[in-house]
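Structure first, commentary second.
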Amino acid sequence: MKLTTTVTKRDSAAEIEDFIATHSAYVDEVQVSGFTHFVHVSDHFGKEKIWDEFGLDRPDLKGKVKCFLPNFEMLVKPNGDICACCGAYTEGLVYGNVYQESLMDIWRGGRAEQLRTKICGGDLEELENCRVCPVRYKYDNIDNAVHNTRK
């Protein structure tokens, strides 16, 4: 079982470590992710003032980022869609559907390979889902935009 929390610049490193220490006894993994949900809200839905409304600073973008998550992880949605990662909120990261073909055929298929090549190559701006991914943003209070602690 994995527990995920989201942090902003307001959260101190000590608070984050305390969260991990408190909860790691109850789960297999604690994941701390940078807060980019409002990037999607502000950019995709045109709500640019959301940051001010909640008193948060928009995180800064890193330089070109390569993501290797699609090489070893996928998301299976209840409708059978197989996606590159948990950030797949549109059809843009869908590899295929297990109700239409086998999981192994999807994983080794052309659509999956095409998306993995694009994502691992750092073409994240081209993919709507990847534009708001925490991996693309800097956070001073965590080493990486997604920090995992496993038992």
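The values are calculated or read from the model by the stated rules, or taken from the named source; none is laboratory data. Model, not experiment: these values are computed from the prediction. Every residue, glycine as well, gets a Cβ built from its backbone with ideal geometry; the counts of neighbours run over all protein chains shown. Just the protein is used for accessible areas: all its heavy atoms, side chains included, with ligands, DNA and RNA removed. Shrake-Rupley method; radii C 1.70, N 1.55, O 1.52, S 1.80 Å.
I'm trying to understand the selection: among the residues of the stretch 125-141, which are more than 12 Å from the chain's Cα centre (by Cα) and assigned to a helix (DSSP H, G or I)?
Matches in the stretch 125-141: E125, E126, E128.
From the list S42, S33, exactly one residue is closer than 14 Å to Y139 by Cα and small (G, A, S). Which is it? First the steps, then the outcome.
Numbers: S42 fails: closer than 14 Å to Y139 by Cα.
Testing whether each residue is closer than 14 Å to Y139 by Cα and small (G, A, S) leaves just S33.
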(request) Among the residues of the stretch 34-60, count how many are modelled with pLDDT of 80 or more and of a type in the set (S, T, Y). (result) 1
(message) Looking only at the stretch 99-144, filter to residues that are under 21 Å from Y89 (Cα atoms) and polar (S, T, N, Q); which one of those is least open to solvent (accessible area, probe 1.4 Å)?
(response) N129
(message) Please count how many residues of the stretch 9-45 are surrounded by 13 or more Cβ atoms within 10 Å (Cβ to Cβ), free of Cβ contacts under 8 Å to residues at least 60 places away in the same chain and under 19 Å from C130 (Cα atoms).
(response) 3
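Give the stretch 84-138 a look and list any residue that's hydroxyl-bearing (S, T, Y) and over 25 Å from V32 (Cβ atoms), or say none.
Narrowing the stretch 84-138 to residues hydroxyl-bearing (S, T, Y): 89-90, 95, 99, 102, 117, 137.
Listed by number, the residues that qualify are T90, Y95, Y99, S102, T117.
Specify the residue that is farthest from L115 (Cα to Cα); the eligible residues are those in the stretch 91-105 that are among the charged types (D, E, K, R) and at pLDDT 95 or above. Can you show your working first?
Pass one, the stretch 91-105, residues among the charged types (D, E, K, R): 91, 101, 105.
Subsequent filtering for residues that are at pLDDT 95 or above retains 101, 105.
On the way: E101: 18, D105: 15 Å.
Among those residues, the one meeting the criterion is E101.
Yes or no, residue by residue, for (1) in contact with a helix residue (DSSP H, G or I) (Cβ under 9 Å, 6 or more places away or on another chain); (2) under 23 Å from K9 (Cβ atoms):
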position: E48; (1), (2): yes, yes
position: D52; (1), (2): no, yes
position: K66; (1), (2): yes, no
position: L124; (1), (2): yes, yes
